[in-house]
Amino acid sequence: MERRQLEVFAAVARAGSFTRAAGELHLVQSAVSATVAALETDLGERLFDRTTRRVQLTAAGQALLPRATAILDSFQAARDAVDAVRGGLSGSVRIGYMTNVTLFDIPHLLGRFNADHPAVTMHLAPAATGTAGLAEGLRRGDLDLAFLAATPEDYPDLDVQVLASSALGLGVAARDPLAARTTIPLAGTAGLRFVDFRAGFANRTLVDAEFRRRGLWRDIRIETSDTNDTAALVRNGLGVAFLPRYLVEGDDSIHLIEIEDATLEMNVSVATVRDRTLSAAAQSLARMAYRRR
């Protein structure tokens, strides 16, 4: 078993595809397939179930993945130790993030990090399935750290540090009759037509949980995965939505109504896996994010 074999195996496991893994590793697909085949021969077990449409880990592959990740992390830690003697950081950091969320300025943070550590490569992965997807990406080892909408209580197995918060209110179009109100009880929103995020996105999870706790139901007519789209749909009268205050400040086309009997907040946090050894670069980025909160 060789380090390169483990690197290729982990890349295929992350990508779920030999083709995508080959692109990530800058190799031809045949080389990726041959490397995995050699590792399977060495171990005497199939690591992937292959079909024409998808590649999935077998039970043996699932058992190997966390061990392979730990071994590769140890190799990176050894390189970090040498880099520290030279006074610099190198390697790469895989970063998950939420698109179009400006409550915490992630591009500015990454710009400062790049200025301080130009030898570190950053691989950005947007949150296609929301905060739940980012958390799962951390657990699988696909990501080194993630900027997600969560609190420490939401994910006890992750190290979550809140960077910024914004209260949620009921956003309605300025021309909506409800725009005459400044407050509303949560139960008073139950009969309205909603625009909301898809399941798995943090704000949707938070609001759904509060409605279930109170035995309430709401009518969600449109689902999206983009913060700006949600605001635009509300602005154009397609429904109401629970929106963070920061998003609508200075926007005269959306009126935000305070929820008088519930405290709902959107958080932006930086998260890593508790029991995983992070590279020096990933640790440095996480510390920089927390210092700039």
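What follows is calculated from the coordinates using simple rules that are stated; it is not laboratory data. This is a predicted model, so every value here is computed, not measured. Cβ placement follows ideal geometry from the backbone for every residue including glycine, while neighbour counts extend to all protein chains displayed.
Name the residues whose placed amide hydrogens come within less than 5 Å of the amide hydrogen of Glu265, ignoring near sequence neighbours (fewer than 5 apart) on the same chain.
For Glu265, whose amide H was placed from the backbone, the distant partners under 5 Å are Leu168.
So how do Ser74, Ser92, Ser225 line up by other beta-carbon neighbours within 10 Å, fewest first?
Ascending number of Cβ neighbours within 10 Å: Ser74, Ser92, Ser225.
If all Cα-Cα distances of the range 142-293 are sorted into 10 Å bins from 0 onward, what percent lands in each bin, rounded to whole numbers?
Result, from short to long distances: 11, 37, 30, 16, 6, 0 percent.
For a quick check: with amide H placed at 1.01 Å from N, whose amide H comes under 5 Å from Ala190's, ignoring anything fewer than 5 positions away on the same chain?
Amide H to amide H, under 5 Å and 5 or more residues apart or across chains, Ala190 pairs with nothing.
Fully extended, how many nm does the chain gain between Ala70 and Leu238 (0.36 nm per residue separation, minus their Cα-Cα distance)?
Extra length from Ala70 to Leu238 when fully extended: 55.7 nm.
Give the dimensionless ratio obtained when the Cα radius of gyration of the range 1-126 is divided by 2.2 N^0.38 Å.
Scaled against compact globular proteins, the figure is 1.24.
Starting at the first residue of the range 90-101, write each ³J(HN,Hα) from the Karplus equation 6.51 cos²θ - 1.76 cosθ + 1.60 with θ = phi - 60°, in whole Hz, x for Gly and Pro.
These are the phi-based 3J(HN,Hα) values: 9, x, 9, 10, 9, 10, x, 8, 9, 6, 6, 9 Hz.
Express in whole angstrom the spacing between the alpha-carbon centres of the range 175-201 and the range 252-293.
Here the answer is 24 Å between Cα centres.
Out of Val28, Val273, Val93, any idea which swings most in a Gaussian network model of the chain, alpha carbons joined below 10 Å?
Looking only at Val28, Val273, Val93, the biggest GNM fluctuation is shown by Val28.
Given 5 Å bins starting at zero, what is the percent of C-alpha pairs of the range 174-245 in each, up to the one with the largest pair distance?
Percent of pairs per bin, in order: 3, 16, 28, 28, 19, 7, 0.
Just subtract the alpha-carbon distance of Gln56 and Ala78 from 0.36 nm times their residue separation and send over the number in nm, one decimal.
Gain on extension, Gln56 to Ala78, equals 4.8 nm.
Treating the angle as unsigned and between 0 and 90°, give the value, to the nearest 10°, between the Cα long axis of helix 280-291 and the longest Cα principal axis of the chain.
That helix lies at roughly 20 degrees to the long axis.
So for the range 44-164, averaging the separation of alpha carbon pairs under 8 Å that are six or more residues apart and normalising by length, what relative contact order in percent results?
Result for the range 44-164 is 22 percent.
For the range 36-103, what is the convex hull volume of the alpha-carbon atoms per residue, in Å³?
171 Å³
What is the antiparallel percent of DSSP beta bridges lying wholly in the chain, to the nearest 5?
Expressed as a percentage, antiparallel bridges in the chain total about 60.
From largest to smallest, what semi-axes in whole angstrom does the range 248-293 give when each is the square root of 5 times an eigenvalue of its alpha carbon gyration tensor?
Taking √(5λ) for each eigenvalue gives 36, 15, 8 Å, largest first.
Which whole-number percent is the relative contact order of the range 1-87 (Cα, under 8 Å, 6+ apart)? Kindly include the intermediate steps, with their values, before the conclusion.
Working: 66 pairs, mean separation 23.6, N = 87.
After rounding, I find 27 percent.
Take the chain, connect every pair of alpha-carbon atoms lying under 10 Å apart with a spring to form a Gaussian network, then pick out the residue of Ala68, Ala132, Ala38 with the largest mean-square fluctuation.
Ala38
Using only Cα atoms, tell me the angle between helix 202-213 and the longest principal axis of the chain; keep it within 0 to 90° and round to the nearest 10.
For 202-213 against the chain, the angle is about 60 degrees.
I'd like the projected area of the chain, averaged over all directions, using the convex hull of its alpha carbons. Report it in nm² with one decimal.
Averaging across all directions leaves 17.7 nm² for the Cα convex hull.
Tilt of helix 59-86 relative to the longest C-alpha principal axis of the chain, in degrees (0 to 90, nearest 10)?
So the helix axis and the longest Cα principal axis differ by about 80 degrees.
Could you state the number of Å between the C-alpha centres of the range 5-83 and the range 102-120?
If you average the Cα positions of each part, the centres end up 29 Å apart.
Pairs of alpha-carbon atoms within less than 8 angstrom and 6+ residues apart define the contacts here; what relative contact order does the chain have, in percent?
So the answer I get is 22 percent.
For the chain, what is the mean residue ellipticity at 222 nm derived from helices alone (per DSSP H run of n ≥ 4: -39500 (n - 2.57); sum divided by total residues; nearest 500 deg cm²/dmol)? If you can, show how the numbers build up before the last one.
Numbers: 10 runs with 123 residues, N = 293.
When only DSSP H runs of four or more count, the value is -13000 deg cm²/dmol.
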